[in-house]
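Worksheet: one structure, shown below.
The values are calculated or read from the model by the stated rules, or taken from the named source; none is laboratory data. Here the structure is a predicted model, which is why all the values come from computation and not from measurement. Every residue, glycine as well, gets a Cβ built from its backbone with ideal geometry; the counts of neighbours run over all protein chains shown. Just the protein is used for accessible areas: all its heavy atoms, side chains included, with ligands, DNA and RNA removed. Shrake-Rupley method; radii C 1.70, N 1.55, O 1.52, S 1.80 Å.
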Amino acid sequence: MDPWLIWLIVAAVLAAAEISTLTAALGMLSAAALVTAGSAAVGLSLPLQFLVFTVIAVVSVLFVRPIALRHVLRPQAERFGVDALVGRAAYVVSEVTGLGGRVRIDGEEWTARAYDETLVIPAGKTVDVMEISGATAIVYPRD
């Protein structure tokens, strides 16, 4: 069996292992094996192939992996969907109690319930959205 084919198989096995572990280290080793397969196809000797694999593996694991992990583990900068509504102000359209009511959030009407079930919030008041539960905004008066 040709050496380039062996390196290609090693690259595929490491890539498959990376998919199941998601550590980025095995992915870097897979890339190094892939580059080494190319160098073996060109005709480099076996010791030089191991040198190519070692150099690329060390450089990628020590320098590229930390950068990749920093980008992957970065916290989400913006909230989307209903998560973006939490903390926003809402206008009470119809009286809100612990059982129900209606509020307007950014031009859209939502069903609402009072965060404190004993509160009765009259229409026309401004409230803060504390959380979203399904299609219902849980609100608390600003005053």
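A few remarks follow.
- Of note, Thr21 satisfies the criterion of being under 31 Å from the mean Cα position of the chain (by Cα) and either open to solvent by 40 Å² or more (accessible area, probe 1.4 Å) or of a type in the set (D, E, K, R) (or both).
- Count of region 107-118 residues which are surrounded by fewer than 16 Cβ atoms within 10 Å (Cβ to Cβ) and either among the small types (Gly, Ala, Ser) or in contact with a Pro (Cβ under 7 Å, 6 or more places away or on another chain) (or both): 1
- Hits in region 121-141 (condition: more than 16 Å from Glu109 (Cβ to Cβ) and aliphatic (A, V, I, L, M)): Met130
- Remark: pairs (first residue in region 38-64, under 18 Å from Leu5 (Cα atoms) and without any contact (Cβ under 8 Å) to a residue 40 or more places away in the chain; second residue of a type in the set (A, V, I, L, M, F, W, C) and open to solvent by 50 Å² or more (accessible area, probe 1.4 Å); Cβ separation under 6 Å; 6+ apart in sequence or on different chains) = Ala40/Trp4; Ala41/Trp4.
- The condition (being polar (S, T, N, Q) and in contact with an Asp or Glu (Cβ under 9 Å, 6 or more places away or on another chain)) is satisfied by just one residue among Ser39, Ser45, Ser20, Ser30: Ser30.
- Counted residues, region 120-135 - those being open to solvent by 50 Å² or more (accessible area, probe 1.4 Å) and either touching a residue at least 12 places away in the same chain (Cβ under 8 Å) or of a type in the set (S, T, N, Q) (or both): 9
- Leading residue by the ranking (farthest from the chain's Cα centre (by Cα)) among those in region 50-92 that are within 30 Å of Ala123 (Cα to Cα) and loosely packed, with under 12 Cβ neighbours inside 10 Å: Gly87
- Scan of region 111-137 for residues that are of a type outside the set (Ser, Thr, Tyr), closer than 14 Å to Ser94 by Cα and assigned to a strand (DSSP E or B), ordered by number: Ala112, Arg113, Ala114, Ile121, Val127, Ala137
- Scanning region 93-106 for residues that are open to solvent by 60 Å² or more (accessible area, probe 1.4 Å) and in a loop (DSSP other than H, G, I, E, B) turns up Glu95, Leu99, Asp106.
- Among the residues of region 68-101, the ones that are in contact with a Lys or Arg (Cβ under 8 Å, 6 or more places away or on another chain) and not β-branched (Val, Ile, Thr) come to 8 in all.
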